[in-house]
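I have placed the structure first, in the form of structure tokens, so that the comments after it can refer back to it.
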Amino acid sequence: MIKKNFNYTTIFFFLVMLSCKNESNSIVENSESIKAKLENRYSKLLDYKVDSIAFPRSYSHKNKAIKKVPSKDWTSGFFAGNLWQIYELTGDEDFKEKAKEWTAFIEKEKFNDRTHDMGFKVFCSFGNGLKFEDNEVYKSIIVKSAQTLSTRFNENIGSIRSWDFNKKRWQFPVIIDNMMNLELLFEATKISGDSTYHKLAVTHANTTLKNHFRSDHSSYHVLDYDTITTIIRMKVTHQGFSDESSWARGQGWAIYGFTMAYRYTKNPKYIERAKATANFYLGHKNLPEDGIPYWDFDDSAIPNAPRDVSAGTVVSSALVELYGYTKNEAYLNYSKKVINSLKSNKYVLDTTIQAPFILDHSTGNWPKKDEMDEPIVYGDYYFLETLLRLKALE
């Protein structure tokens, strides 16, 4: 009887061990499979034909077509930035050479005074390039771009004008996204020694800090200022679910923007703002278990609303840096969760898709039903940046 029980116990133990071993092997195989899949996706970027007037922005599953944009589009700098970052991740010189080619085509944007998106375009491309070589041409382009961006600053309002369209409704619109363009200004001061750009960036950040946030620490998308009285005319959205909703990517721009501003200024008010909005984001009841947010936290269709990988990667990248200043493990844990979720067949594009993108399921502009649940270039950019920031912690 004892022997019989012993045999059953032995068999049970063996099966458990075998199951654990098979599960372990499955995890390893899955990890290796995703690694190979990512490398395949990276190669799609490398092999994509260079075109000076058509930067890849997104991919439509429905139309099986790549959306291409000129350099004036706010997303144009991300593709070159992705190539620079993959070079940093892999050490493969081919990515560096291809990054140089794409980066060069953005230079003319240094004169474009019709947009606030100078940082997205110029710093995500030329700024990344400066990490690998002391390139005086790149430096001069960044400084010139900062000069051009400065022309959009209104001293009375204390902000950089975001958009020029919709003039029948808005007088001086400022969007939370604009925080991301301040990095270009901060760096221009470091390069040139001219403190003008740094001071302008600080003034814009302070105005945003004062006016852009709700009592629950979430951010509005658009604030419109009266150009004569400088009072706030309206607080609205352009890409969110409603004026009072919390557009996920907008929260990401806020967290990232003020964390970055703290890096250059060490202003404690900036780090407190980043922490408060990060805590709002992480503690929201509608944040999914895998960390990839719905495109807007207040979409009435949740849980059937679209996700936004790009919002998740913006926040995951920001929170690695924020962790570095606060040592709050919750921030680092979220970033790791997002990366673990994205390194899966659910989110990494299938190898059969012939498009220069890595991740699926980003949401571009829900109100216009544009770029819905698709691969989008900036989702890839902040994914790669998160990988690099996590790697730097090792």
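The values are calculated or read from the model by the stated rules, or taken from the named source; none is laboratory data. All of these numbers come straight from a predicted model, not from anything done at the bench. FYI the Cβ positions are ideal-geometry reconstructions off the backbone, even for glycines, and counts take in every protein chain you see. When the accessible area is computed, the model is the full protein with side chains, heavy atoms only, and any ligands, DNA or RNA have been set aside. Shrake-Rupley method; radii C 1.70, N 1.55, O 1.52, S 1.80 Å.
The residue that is nearest to ILE86 (Cα to Cα), counting only those in region 108-148 that are open to solvent by 30 Å² or more (accessible area, probe 1.4 Å) and of a type in the set (A, V, I, L, M), is LEU130. Taking the conditions (1) open to solvent by 30 Å² or more (accessible area, probe 1.4 Å); (2) assigned to a helix (DSSP H, G or I); (3) of a type in the set (Val, Ile, Thr) in turn, VAL320 satisfies each one other than (1).
Of the residues LYS21, LYS100, LYS96, which single one is at pLDDT 95 or above, open to solvent by 60 Å² or more (accessible area, probe 1.4 Å) and in a helix (DSSP H, G or I)? Of the residues listed, the single one that is at pLDDT 95 or above, open to solvent by 60 Å² or more (accessible area, probe 1.4 Å) and in a helix (DSSP H, G or I) is LYS100. Exactly one residue out of ASP299, ASP360, ASP370 is on the phi < 0 side of the Ramachandran plot, more than 16 Å from the chain's Cα centre (by Cα) and open to solvent by less than 30 Å² (accessible area, probe 1.4 Å): that is ASP299. Restricted to region 149-186, and to residues there that are open to solvent by 10 Å² or more (accessible area, probe 1.4 Å) and among the hydroxyl-bearing types (Ser, Thr, Tyr), the residue that is nearest to the chain's Cα centre (by Cα) is SER150. Yes or no: ARG233 out of contact with any His (no Cβ under 7 Å at 6 or more places or on another chain) and either assigned to a loop (DSSP other than H, G, I, E, B) or of a type in the set (A, V, I, L, M, F, W, C) (or both)? For ARG233, the condition - out of contact with any His (no Cβ under 7 Å at 6 or more places or on another chain) and either assigned to a loop (DSSP other than H, G, I, E, B) or of a type in the set (A, V, I, L, M, F, W, C) (or both) - is not met. For SER145, the conditions (1) touching a Leu at 6+ places or on another chain (Cβ under 7 Å); (2) part of a loop (DSSP other than H, G, I, E, B); (3) polar (S, T, N, Q) are fulfilled apart from (2). Within region 330-357, restricting attention to residues that are of a type in the set (Gly, Ala, Ser) and surrounded by 19 or more Cβ atoms within 10 Å (Cβ to Cβ), the residue that is farthest from ALA305 (Cα to Cα) is ALA355. Pairs are defined by a Cβ separation below 6 Å, a sequence spacing of at least 6 or placement on different chains, a first member in region 98-120 that is under 20 Å from PHE172 (Cβ atoms), and a second member that is basic (Lys, Arg) and open to solvent by less than 30 Å² (accessible area, probe 1.4 Å); the pairs so defined are HIS116/ARG152. Of all residues in region 242-290, those satisfying the criterion of being in a loop (DSSP other than H, G, I, E, B) and either surrounded by fewer than 16 Cβ atoms within 10 Å (Cβ to Cβ) or among the hydroxyl-bearing types (Ser, Thr, Tyr) (or both) are SER242, ASP243, GLU244, SER245, SER246, LYS266, GLY283, LYS285, ASN286, PRO288, GLU289.
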